[in-house]
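Written below as structure tokens is the structure these notes are about.
The values are calculated or read from the model by the stated rules, or taken from the named source; none is laboratory data. What you see is a predicted model; the values in this text were computed from it and never measured. Glycine gets a Cβ as well: all are built from the backbone with ideal geometry, and neighbour counts include every protein chain shown.
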Amino acid sequence: MPVRPMPAWADGRRHPMRRRSGAWVLIAIGVAVVIVYGATPDPPPAAGTAPLSGTPERIVDGDTLDVAGLRIRLAGIDAPELQQTCGTPAGGTWSCGIAARQALRDLAAGPVNCTPSGSDRYGRTLATCRSAGRDVAGALVEAGLALGGETYRREEGAARAAGRGLWQGRFDTPADWRRDARLAEAEAPLNPSRFERFIAWLLEALSG
């Protein structure tokens, strides 16, 4: 009876099917990790209530600043984003986002006293801040450089009637601007998701 030759993997080398199986196991583990990581909700932010005082270390944008080592989001208002532009009466545009940040920088140039009211979903402390006895958020709305919603309805009405700031021409609400920016980013070419980037990295590592 002829003797069958031993397979190549019998000399101590790994069986090719086992090698492939191991690769697929690693891929399956990686996919599971990404799915679990993406599906796990962030823990709810803690709501601090202790008053905060100090000179702002940084003015992030028209409604966000850093005080006493914490990121403060001014409660009750929504200012245009830094990259946002708004319309002029003549149909042109102006950098309303930058103008809002500069206004907040001027209003909070000295010490501020902030009373926290909770946290937002990004972990920022929501607070009402006063500087030189003046409500900073209310002043921004009254200048037409932020929307006041229900909290600062009177100040927003005054700015609108006078045509100040945002109200001098056409503009997108900051919320609409952020939504459109997110849609544009999601539709941009060559912009893979976190999951797609991970799978590409994993396949490259396994083939190396």
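On the basis of being more than 22 Å from the chain's Cα centre (by Cα), under 15 Å from Ala79 (Cα atoms) and modelled with pLDDT of 95 or more, does Ala146 make the cut?
Details: more than 22 Å from the chain's Cα centre (by Cα): no; under 15 Å from Ala79 (Cα atoms): yes; modelled with pLDDT of 95 or more: yes.
When the stated conditions are applied, Ala146 does not pass them.
Spot the failing condition for Thr85; the list is (1) modelled with pLDDT of 95 or more; (2) of a type in the set (Val, Ile, Thr); (3) more than 27 Å from Phe171 (Cα to Cα), and only one is missed.
Condition (3) is where Thr85 drops out.
How many residues does the range 81-107 contain that are surrounded by 16 or more Cβ atoms within 10 Å (Cβ to Cβ) and of a type in the set (Ser, Thr, Tyr)?
Adding up the residues that qualify gives 1.
Identify the residue in the range 113-128 that is touching a Cys at 6+ places or on another chain (Cβ under 9 Å) and in contact (Cβ under 8 Å) with a residue 60 or more places away in the chain and, among all such residues, is surrounded by the fewest Cβ atoms within 10 Å (Cβ to Cβ). Give the derivation first.
The initial filter retains those residues of the range 113-128 that are touching a Cys at 6+ places or on another chain (Cβ under 9 Å), namely 113-115, 125, 127-128.
When the remaining residues are screened for being in contact (Cβ under 8 Å) with a residue 60 or more places away in the chain, the result is 113-115, 125, 127.
Numbers: Asn113: 16, Cys114: 27, Thr115: 14, Thr125: 23, Ala127: 26.
Step by step, filter the range 113-128, then rank; the result is Thr115.
Among strands (runs of 3 or more DSSP E) lying entirely in the range 43-152, which contain 3 or more residues that are of a type outside the set (D, E, K, R) and touching a strand residue (DSSP E or B) at 6+ places or on another chain (Cβ under 8 Å)?
Details: elements: 52-54, 58-61, 64-67, 70-74, 112-119, 125-131.
Hits in the range 43-152: 52-54, 64-67, 70-74, 112-119, 125-131.
Looking only at the range 148-168, filter to residues that are farther than 14 Å from Arg101 by Cα and aliphatic (A, V, I, L, M); which one of those is surrounded by the fewest Cβ atoms within 10 Å (Cβ to Cβ)? Break it down stepwise before answering.
Initial filter on the range 148-168 (farther than 14 Å from Arg101 by Cα): 148-164, 167-168.
The next check asks that each one be aliphatic (A, V, I, L, M); those that pass are 158-159, 161-162.
Working: Ala158: 17, Ala159: 24, Ala161: 9, Ala162: 13.
Going through the qualifying residues, I end up with Ala161.
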